[in-house]
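K.L.:
Take this structure first; my questions come after.
The values are calculated or read from the model by the stated rules, or taken from the named source; none is laboratory data. Here the structure is a predicted model, which is why all the values come from computation and not from measurement. Just so you know, the surface numbers come from the protein's heavy atoms only, side chains and all, with ligands and any DNA or RNA stripped out. Shrake-Rupley method; radii C 1.70, N 1.55, O 1.52, S 1.80 Å.
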Amino acid sequence: TAYEISACLVGSEMCIRDRSWTVDQTIVEQMPFQDRWLRQQLGKSADQIVLVSVEGDSMEPTLEENDLVLIDRQQTEFAREGIYVIRLDDMLMVKRLQRQPKGLIQIISDNFNYPPITLSSDSGESFDILGKAIWFGRVF
């Protein structure tokens, strides 16, 4: 059985609202994934993930413009270093998160042209983790 997961563009306000993923009437693209593959390869079902498209070059060389990334919507807590979809204030981003000493979290762009951002619990920014990247695909 193939499940179709609606893709939305990261950075689009229509895709994510109020700390949760929402379904919008506008479907950007659909891509079929077999349920068996999702379960065996990723340990997930279609209702636990969302497919997003990367915008910009801040995560190059790891992720490039228009790469498709499957995001595990259940991983909304920072447990270990990895690539996550986050909301920082009003900005939606795909970034690497890394724990630092004294409870700090560093938001890292893999492209060295973008400086890291360090967050503390009292920094005043509105910060949410919306999910963790678990797979990506690229058109050559």
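K.L.:
Using a 1.4 Å probe and counting only protein heavy atoms, arrange TYR114, TYR84 so the residue with the most accessible area comes first.
P.N.:
Values: TYR114 90, TYR84 0 Å².
Solvent-accessible surface, decreasing: TYR114, TYR84.
K.L.:
Express the relative contact order of region 76-125 as a whole percentage, based on alpha carbon pairs under 8 Å and six or more residues apart in sequence.
P.N.:
On the way: 72 pairs, mean separation 12.3, N = 50.
It comes to 25 percent, rounded to a whole number.
K.L.:
Across region 65-140, what fraction of all alpha-carbon pairs, as a whole percent, falls in each successive 5 Å bin from zero upward?
P.N.:
Here the calculated profile for region 65-140 is 3, 15, 25, 27, 18, 8, 3, 1, 0.
K.L.:
Enumerate the amide H contacts of ASN111 below 5 Å, restricted to partners 5 or more residues apart or on another chain; note that Pro and chain-start residues carry no placed amide H.
P.N.:
Under 5 Å from the amide H of ASN111 lie the amide H atoms of MET59, GLU60, each far enough along the sequence or on another chain.
K.L.:
For LYS44, give me every one of the lysines with a C-alpha distance below 19 angstrom, ignoring sequence neighbours fewer than eight places off in its own chain.
P.N.:
Cα-Cα hits under 19 Å: LYS132.
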